[in-house]
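S.K.: Supplied in structure tokens, the structure appears directly below.
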Amino acid sequence: MSQFVCVVVLAVTLLLSPIGLVWAQTGEVTIAVATDPLTLDPRGASNIIAWSLAYHIADPLVGKDRDLKIVPLLAESWDRPDPLTWRFKLRRGVKFQNGEDVTAKAVKATLDVMIDPELAKTKKIQVSAFIRGNFRTVERVEAPDPYTVIIKTKAPYRPMLLGLAQLGIAPASALDGGEAYIAHPIGAGPYKFVEYVPGSRLVLEANPTYWGTKPAFKRVTVRIIPENATRVAALQTGEVLAIYNVPPDAIDRLKGNKDLVVQDTLTTRYNYLYLQNDRPPFNDKRVRLAINYALDKDQITRVIFKGLAKPASAPMGPATAFFDKNLSPYPFDVVKAKALLAEAGYPNGLKFVMGTPFGRFINDRQVAEAVVGQLAKAGFTVDLRVEEWGTSLANLMARKYDAMFGAYGGSTDPDYMLSWLFTAKSSVVGFNKPEVETLLSEGLQAPDDATARRVYERIQKIVWDDVPLGFLYFQPDIVAFNKRLKGFGPRVDEYVDVREARLE
Amino acid sequence: MRNYFQQVVQAAIVLLNVSIVVFVLVRVVPGDPARLMLGMEASDDAVRAARTQFGFDRPLYIQYVQFVGGVLRGDLGQSVRFRRPVGDLLIESFPATVELALAATAIALVLAVPAGIYAAVHRGGMLDRLLMAGALIGQAMPIFWLGIMLITLFSVRLGWLPTSGRGSLAQLIMPSVTLSTYVMALLARLTRSNMLDVLREAYVRTARAKGLRETVVVHKHALMSAALPIITVLGLQVGALLSGAVVTETVFNWPGIGTLALRAIQQRDYPVVQGVVLVSAALFVLINGTVDLAYRYLDPRVRLT
């Protein structure tokens, strides 16, 4: 009998033991993210999770470190012989994970797919619109010898290196690999793709032949846990060593655990209300200003974000290059808001419809509801429509509502951050200022950083003064992890990054 | 034989209707798979091109004919987001959900039927009231909340069970218990009320009068007839289990068709949504067909008519 009890106890213990073992084994690490990467093909990656995980598998020509400094990866050096030409010298003796050599031919094949939509189509390669956008000015790519790549652009293009840093290079054979490559991406990065189970996990293993600093982990498992409470619990139990997208309401609980660290950073992301600038009532600048004075940014950042968000002071997040530090948030002033509203012809207040997605941005619904309450005090009656993201996005693109709560971010380049909303052709708020568009193209062609800074600060000032949006706050990126994990933390570009992480 | 044929025809009609409903529903809901995939800053041209590539620009009736034609050839189409055959995604996800549903059903049966019998036999007793109050709470409790409470208690506080994921037996415990609660409560209440009805029947009185032991009366004579409606209800609960699986799988990050369906709906991945719904409906029809057959086997009255 007692033997039987022993066996049962032993069996139960064994069954229950996977907890803790996950990271007790040396050289393995498990982390958790909230979003599915969907694809790890560096050419087709369409969200930050996917770009950053693909960045572990496939090295680009150049990389960006935690401070967003461009560093050499597959290209060991580069120059710009004339404003339309970029010339890269490749590192010699580097091999892809399938044994193919990293040559100019592979770089050209990867880039050709970006600049030639027909090629991508015939080869059945899904190209991310975002990544393709980085190469819209490229005219052609040349490979005069196996270790030289020349990129010719139609016009001078300042953010070329940043664009290249977001495109992992695939082997030349991937051009014909089509969907086989999507199922098993190969690159010349520090980690090799092992498996990706949508909605569950991505597994990577160390690439022993990596040309650079050898990866610290034998195996990296990235679990996809969209449910906030479950993700937080997985960190608390030690099943995972780090989690991304920490919900602000879990911060205190996590900080109470002495083994854990919670770190946050502001990113490129900023949150705001889309206002329809070309139709009543928001075609009147006074009404838009009234909205901006009526919004109590401090209250939202303090109460909903536990002080980790900051009131917005520019039309792009502070991690964006050439961010203008000299602008300041519109103060909270209900009296002024009411006066402006009366002056605009709405002495008895104004009623409008506002949409908001829910479950898309951190605390989106809470913020939208707080905004409705704040605006009410200034005389606005807001009819709030809460919708899931698919519907909300469709309504945003159709410009269905007078206003909408939303956010934008993702690239650290100001052109990306500014040109979508503030170019008439693509603006979903009806923004139309030719002056800004001229400046945007000057910024893209800027020969040096000083010129670029002058141009982008000018654009930020014009946009800020014109109040095309109801500016709200800069949203933080919050990461929590075990203290033993070093070389790890939130990045201003929101990248998931274990390239240089290690365990102590 | 004619009966079986009728059943197969009925099943085919049901599935045909399901295919039409799901095909129309996913397209009626606002949202554009191409726009969701490419993002807000993608140009309208790029979005149009993607729509053409997926074939979503073709007239609806052509898309429908292609969908049904594909299904008849065993091809459920290709996922927009994962660029993989829907069939493959389903084959990867279904075993996880079946495992979860079977475990939940097993837990429900093992706990609820004895509880229901006990409550019926000791009707009005303290334990009967407790059990039935428990069943009521179980039926009313949101699965989502229960799941998070279990994680908080058994993973975070006590450290006994892993929070989520699939792989070990330990990871199966909390999700299957969570999913079982609704069915369990229903089964306990149903067993109790059926047993109460049956225990009043004349043949039970006869059995008792014959001097049979009470356990034999209850388990052989009464339970056998009380079991029939329980089996029917269990068959119908497959639907509840599948919908409960969506929530349970989300909370416990269980990689089954529930999480697949949820993601596909969020991304408007039409082929995947269609595939999940159609295959789930087929499963539902199949199980209810099986329940019908089981009925014939268990109930001589049905066999003879």
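Here, each number is a calculation from the coordinates, and none is a lab measurement. Remember, predicted model here, so these are calculated numbers, not experimental data. Don't worry about glycine lacking a Cβ; one is built from the backbone with ideal geometry, like all the others, and counts go over all protein chains shown.
S.K.: How large is the convex hull of the Cα atoms of the range A:265-335 per residue, expressed in Å³ as a whole number?
M.R.: Values: hull volume 7.5 nm³, N = 71.
Spelled out: Cα convex hull of the range A:265-335, divided by residues, is 105 Å³.
S.K.: So what's the projected area for the range A:402-487, the Cα convex hull averaged over all directions, in nm²?
M.R.: Orientation-averaged projected area of the Cα hull: 8.0 nm².
S.K.: Ok, one more. Arrange B:97, A:148, A:213 by Cβ neighbour counts within 10 Å, fewest through most, would you?
M.R.: Numbers: B:97 28, A:148 16, A:213 9.
Sorted ascending by nearby Cβ count, the order is A:213, A:148, B:97.
S.K.: Report the semi-axes of the equivalent ellipsoid for the range A:459-504 in whole Å, largest first, where each axis is √(5λ) for an eigenvalue λ of the Cα gyration tensor.
M.R.: Numbers: eigenvalues 268, 25, 8 Å².
Calculated on Cα positions only, the semi-axes equal 37, 11, 6 Å.
S.K.: Moving to a separate point now. Hey, what did chain B get for relative contact order, percent, Cα under 8 Å, at least 6 apart?
M.R.: On the way: 322 pairs, mean separation 79.9, N = 305.
After rounding, I find 26 percent.
S.K.: Run through the range A:173-269 and list the trypsin sites (Lys or Arg not before Pro) located in a DSSP loop whose Cβ has at most 16 other Cβ atoms within 10 Å. Mind showing how you got there, number by number?
M.R.: Working: sites: A:192, A:201, A:218, A:219, A:223, A:231, A:253, A:255, A:258, A:269; in loops: A:218, A:258.
Answer in residue order: A:218, A:258.
S.K.: If you don't mind, there's one more thing I want to ask. Which whole DSSP H helices in chain B pass both tests: a Cα extent of 20 Å or more along the axis and a mean Kyte-Doolittle value no lower than 0.0? Write out the running numbers ahead of the final one.
M.R.: Numbers: long enough: B:2-28 (39 Å, 1.44); B:86-121 (50 Å, 1.67); B:126-140 (21 Å, 1.11); B:169-199 (40 Å, 1.02); B:223-252 (38 Å, 1.71); B:270-298 (41 Å, 1.32).
Span-like helices, by this rule, are B:2-28, B:86-121, B:126-140, B:169-199, B:223-252, B:270-298.
S.K.: Among the aspartates and glutamates, which fall within straight-line cross-link reach of residue A:108, defined as a Cα-Cα distance under 18 Å, with same-chain neighbours fewer than 8 residues apart omitted?
M.R.: Straight-distance partners of residue A:108: A:41, A:59, A:76, A:79, A:100, A:116, A:118, A:139, A:142, A:145, A:176.
S.K.: Could you tell me the relative contact order of the range B:163-255? Use alpha-carbon pairs under 8 Å, at least six residues apart, and round to a whole percent. Please list the in-between numbers first.
M.R.: Values: 55 pairs, mean separation 45.3, N = 93.
The normalised contact order for the range B:163-255 reaches 49 percent.
S.K.: Report ³J(HN,Hα) in whole Hz for each residue of the range A:398-411, in order, from the Karplus equation J = 6.51 cos²θ - 1.76 cosθ + 1.60 where θ = phi - 60°; Gly and Pro get x.
M.R.: 7, 6, 6, 9, 5, 9, 8, 7, x, 8, 9, x, x, 10
S.K.: Rank these for me by crowding, A:160, B:149, B:37, B:195, going from fewest to most other beta carbons within 10 Å. Intermediate results must be reported in sequence, preceding the final value.
M.R.: Working: A:160 19, B:149 13, B:37 23, B:195 26.
Ordered from fewest to most neighbouring Cβ atoms within 10 Å, A:160, B:149, B:37, B:195 come out as B:149, A:160, B:37, B:195.
S.K.: Working out 0.36 nm times the residue gap between residue B:152 and residue B:14, then minus their Cα-Cα distance, what length gain in nm do you get to one decimal? Could you put the intermediate results ahead of the total?
M.R.: On the way: separation 138, 0.36 × 138 = 49.68 nm, distance 4.19 nm.
Length gained, residue B:152 through residue B:14: 45.5 nm.
S.K.: To continue, here is another question. How long are the semi-axes of the equivalent ellipsoid of the protein assembly as shown, defined as square roots of 5 times the Cα gyration tensor eigenvalues? Whole Å, largest first. It would help to have the intermediate numbers written out before the result.
M.R.: Details: eigenvalues 551, 210, 155 Å².
Its equivalent ellipsoid spans semi-axes of 53, 32, 28 Å.
S.K.: In addition: For peptide B:171-181, what's the mean number of Cβ atoms from other chains within 10 Å of each residue's Cβ? Mind dumping the intermediate values first?
M.R.: Working: counts 5, 1, 2, 0, 0, 0, 0, 0, 0, 0, 0.
Mean partner-chain Cβ count within 10 Å for B:171-181: 1.
S.K.: Continuing with this model, one more query. Counting only other chains, what is the mean number of Cβ atoms within 10 angstrom of the Cβ of each residue in peptide A:393-399? It would help to have the intermediate numbers written out before the result.
M.R.: Numbers: counts 8, 7, 2, 2, 6, 2, 0.
That works out to 4 on average.
S.K.: Do any trypsin sites (Lys or Arg not before Pro) in the range B:1-105 lie in a DSSP loop with no more than 10 other beta carbon atoms within 10 Å, and if so, which? If you can, show how the numbers build up before the last one.
M.R.: Numbers: sites: B:2, B:27, B:35, B:48, B:51, B:73, B:81, B:83; in loops: B:73, B:81, B:83.
When the trypsin sites (Lys or Arg not before Pro) of the range B:1-105 are filtered for loop state and at most 10 Cβ neighbours within 10 Å, B:73 remain.
S.K.: Can you give me the long-range amide H partners of residue A:90? Hydrogens built in the peptide plane at 1.01 Å from N, cutoff under 5 Å, separation of 5 or more residues or another chain.
M.R.: A:76, A:148, A:149
S.K.: When B:181, B:152 are ordered from fewest to most other Cβ atoms inside 10 Å of their Cβ, what list results? Please list the in-between numbers first.
M.R.: Working: B:181 25, B:152 16.
Arranged by neighbour count, lowest to highest, B:181, B:152 become B:152, B:181.
S.K.: So what's the net charge close to residue A:64: Lys and Arg +1, Asp and Glu -1, counting the other residues with Cβ under 13 Å from its Cβ?
M.R.: Working: positive: A:66, A:69, A:491, A:499; negative: A:59, A:65, A:67, A:413, A:493, A:494, A:497, A:500.
In short, -4.
S.K.: Longer than 22 Å from Cα to Cα, which of A:214/A:486; A:95/A:121; A:338/A:400; A:69/A:486; A:433/A:461; A:69/A:297 are they? Say none if no pair is.
M.R.: Numbers: A:214/A:486 16 Å; A:95/A:121 27 Å; A:338/A:400 26 Å; A:69/A:486 20 Å; A:433/A:461 13 Å; A:69/A:297 32 Å.
Pairs exceeding 22 Å: A:95/A:121; A:338/A:400; A:69/A:297.
S.K.: Using the Kirkwood radius built from alpha carbon pairs, what does the Stokes-Einstein equation give as D for chain B at 25 °C and 0.890 mPa s, in µm² per second? All intermediate terms of the calculation are to be shown ahead of the outcome.
M.R.: Numbers: Rh = 22.1 Å.
Answer from the Stokes-Einstein relation: 111 µm²/s.
S.K.: Something else about it: Using all alpha carbons of the range A:137-254, what is the percent of pairwise distances in each 5 Å bin, ordered from the shortest bin to the longest?
M.R.: 2, 8, 12, 14, 15, 14, 12, 10, 6, 4, 2, 0
S.K.: Moving on to the next point. Å³ per residue of the Cα convex hull, for the range A:224-276? Kindly include the intermediate steps, with their values, before the conclusion.
M.R.: On the way: hull volume 6.3 nm³, N = 53.
Per residue, the Cα convex hull of the range A:224-276 comes to 119 Å³.
S.K.: Zone of residue A:148 (label point 7 Å along Cα→Cβ, backbone N under 18 Å): which residues in the range A:90-128?
M.R.: Label zone hits: A:90-93, A:103-109.
S.K.: Between the alpha-carbon centers of the range B:38-53 and the range A:262-284, tell me the distance in whole angstrom.
M.R.: Cα centroid of the range B:38-53 versus Cα centroid of the range A:262-284: 23 Å apart.
S.K.: While we're looking at this one, here's another question. How much mean residue ellipticity at 222 nm does chain B get from its helices, if each DSSP H run of length 4 or more adds -39500 (n - 2.57) and you divide by all residues, to the nearest 500 deg cm²/dmol?
M.R.: Numbers: 13 runs with 229 residues, N = 305.
After summing the helix terms and dividing by the residues of chain B, the value is -25500 deg cm²/dmol.
S.K.: Given the -39500 (n - 2.57) contribution per DSSP H run of 4+ residues, what per-residue ellipticity at 222 nm results for chain A, rounded to the nearest 500 deg cm²/dmol?
M.R.: Values: 18 runs with 163 residues, N = 504.
The helix contribution divided over chain A gives -9000 deg cm²/dmol.
S.K.: Based on the Cβ-Cβ distance from residue A:194 to residue A:424, what FRET efficiency comes out when R0 is 35 Å, to the nearest 0.05? Don't jump to the answer; show the numbers that get you there.
M.R.: Working: r = 47 Å, r/R0 = 1.33.
Once the sixth-power term is evaluated, E becomes 0.15.
S.K.: Here's something else I'd like to know. Relative contact order, percent, of chain A when contacts are C-alpha pairs under 8 Å separated by at least 6 residues?
M.R.: Rounded, it is 18 percent for chain A.
S.K.: Can you tell me the FRET efficiency between residue A:458 and residue A:328 if r is taken as the Cβ-Cβ distance and R0 is 25 Å, rounded to the nearest 0.05?
M.R.: Working: r = 17 Å, r/R0 = 0.68.
So, using R0 = 25 Å, E works out to roughly 0.90.
S.K.: Viscosity 0.890 mPa s, temperature 25 °C: Stokes-Einstein D of the range B:125-183 from its Kirkwood Cα radius, in µm² per second? Could the numbers behind the result be given before it?
M.R.: Values: Rh = 12.5 Å.
Rounded, D is 196 µm²/s.
S.K.: Loop-only check: which chymotrypsin sites (Phe, Trp or Tyr not before Pro) in the range B:101-177 are DSSP coil with at most 15 other Cβ within 10 angstrom?
M.R.: Numbers: sites: B:118, B:144, B:145, B:154, B:160; in loops: B:160.
Here the chymotrypsin sites (Phe, Trp or Tyr not before Pro) that fit, given the DSSP loop and packing criteria, are B:160.
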